[in-house]
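Novice: Mind having a look at this structure? Questions to follow.
Throughout, read-outs are computed from the coordinates displayed, never taken from laboratory work. Everything quoted here is computed from the prediction, not taken from an experiment. Here the Cβ positions follow ideal geometry from the backbone for every residue, glycine too, while neighbour counts run over all protein chains shown.
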Amino acid sequence: MIKKFYNEEKGFYDSVFFFAVFRMIKGVFYMKLETAKRWLILFYEKIQENLAVLAELDSTMGGDGDHGENMLRGMTAVVNTVEPKEFASTSDLFKETGMLLLTKVGGVSGT
């Protein structure tokens, strides 16, 4: 079953559930740093491809239709910052990613 999610051409798992190769040690999941960095870049590409869909979903749910643009702004900052940078750990990569998204995305958090 897992094999059907593997994309030979891209060299990684495609589905949301199998978006990265995890290893389990003592009940804790972790992701390799290179895999996490690649996943962030692929996520950025998906945001670019789906700007109109994200705007439509935002509008449908009572928003102002800017969710796609906000996510693109945030993920552009993430990719531009993390792609060339070396990180000591996956945790450091995600910490920096989270802070960039908090400062760049904007928008409303809850209503």
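Novice: Can you compute 3J(HN,Hα) from phi for each residue in segment 71-78, using the Karplus curve 6.51 cos²θ - 1.76 cosθ + 1.60 with θ = phi - 60°, rounded to whole Hz and x for Gly and Pro?
Specialist: 5, 5, 4, x, 6, 5, 5, 4
Novice: How large is ³J(HN,Hα), in whole Hz, for each residue of segment 48-63 in order, when computed from phi with the Karplus curve 6.51 cos²θ - 1.76 cosθ + 1.60 and θ = phi - 60°, using x for Gly and Pro?
Specialist: Per residue, the Karplus-derived 3J(HN,Hα) values read 4, 5, 10, 4, 5, 5, 5, 5, 5, 4, 4, 5, 4, 9, x, x Hz.
Novice: Here is a follow-up. Take each of the peptides 92-104, 64-76, average the number of other beta-carbon atoms within 10 Å over its residues, and list them starting from the highest.
Specialist: Answer by packing, highest mean first, reads 64-76, 92-104.
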